[in-house]
Amino acid sequence: MRNVDYAGMFVKEFREALAENPTAWVPIGLLEWHGEHIALGCDLIGARESCRLLARTYGGIVLPPTYFSRPGFSAYEGTIDFPLEVAAPTLTALLQQLEKVGFKTAVLLSFHGGSVQEKMLALAREEYEKEGSIRVVTVIPFTLVAMPETSSHATPVETAVLRALCPEAVDVSRFTPAKEYPGTYELPGRSGLRTWRITDVDVRNAPLDAYAEEFLGKLVERVGRLLDPTAAPDRE
């Protein structure tokens, strides 16, 4: 299988890959609680593996994933997030460096979603584009591909997609339907700890393979259309 990872390339390989397709795939995630059945690196791993899949489909080079992201389930065990004034400038600086080394397109693929994350991505891109010249494309997979429960957290579709991309990051035997999880950390400006129920649906019995196949197929198609609007029509 062709190596598409920036970090694993020798200089000659990097030079050749850049000349072939100067697209940088930038995986963005968060170290975040996703219940007991999904690894804390879900968003990082999902972003990295999605970028690898897309780079092997369309060409380009995959950067190491970044976890400098905005809050998600910040009160829950193991979650690490960053303020806007740290995350956005870091991403802007990365885009500037990508331009320096010769990329012409950068795809910011964030497996971590939500309005505050979208605001950070938009701000980083806006600041870069004041003086930068490379094309920037933003992809949030669970927004781009609308499927049942994709707006929820650690539910069957997200579980299915991550399991297909990285099986060792998912263990559905750890899932308990309808279990309620209290927060772990007191956060400034918030009173009390919220309790979260992931889903009443038993993830262990859900058609995970079918969900993943549908989701990833649509993701590949729709990202292709973002890169090239003249491509073949999207499938329903």
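The values are calculated or read from the model by the stated rules, or taken from the named source; none is laboratory data. Keep in mind the model is a prediction, meaning the values are calculated, not measured. Quick reminder, even Gly has a Cβ in these numbers, built from the backbone with ideal geometry, and neighbours come from all protein chains shown.
Table: residues versus (1) β-branched (Val, Ile, Thr); (2) in contact with a helix residue (DSSP H, G or I) (Cβ under 7 Å, 6 or more places away or on another chain); (3) more than 17 Å from Leu30 (Cα to Cα); (4) surrounded by fewer than 21 Cβ atoms within 10 Å (Cβ to Cβ).
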position	(1), (2), (3), (4)
Pro141	no, yes, no, no
Met147	no, yes, yes, yes
Pro156	no, yes, yes, no
Arg163	no, yes, yes, no
Glu168	no, no, yes, yes
Val172	yes, yes, yes, yes
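Looking only at the stretch 79-98, decide whether some residue is touching a residue at least 24 places away in the same chain (Cβ under 8 Å), touching a helix residue (DSSP H, G or I) at 6+ places or on another chain (Cβ under 7 Å) and in a loop (DSSP other than H, G, I, E, B).
There is no residue in the stretch 79-98 that is touching a residue at least 24 places away in the same chain (Cβ under 8 Å), touching a helix residue (DSSP H, G or I) at 6+ places or on another chain (Cβ under 7 Å) and in a loop (DSSP other than H, G, I, E, B).
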If I ask for residues that are of a type in the set (A, V, I, L, M, F, W, C), closer than 22 Å to Phe73 by Cβ and assigned to a loop (DSSP other than H, G, I, E, B), which ones from the stretch 103-145 would you list? Phe111, Ile140, Val145
Exactly one of Ala210, Ala178 is at pLDDT 90 or above, in a helix (DSSP H, G or I) and surrounded by fewer than 14 Cβ atoms within 10 Å (Cβ to Cβ), and that one is Ala210
Being modelled with pLDDT of 95 or more and small (Gly, Ala, Ser) narrows Ala88, Ala75 down to just Ala88
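Looking at Lys104, is it under 19 Å from Leu18 (Cα atoms), surrounded by fewer than 19 Cβ atoms within 10 Å (Cβ to Cβ), of a type outside the set (Phe, Trp, Tyr) and touching a Pro at 6+ places or on another chain (Cβ under 8 Å)? Give the derivation first.
On the way: under 19 Å from Leu18 (Cα atoms): yes; surrounded by fewer than 19 Cβ atoms within 10 Å (Cβ to Cβ): yes; of a type outside the set (Phe, Trp, Tyr): yes; touching a Pro at 6+ places or on another chain (Cβ under 8 Å): yes.
Answer is yes for this residue.
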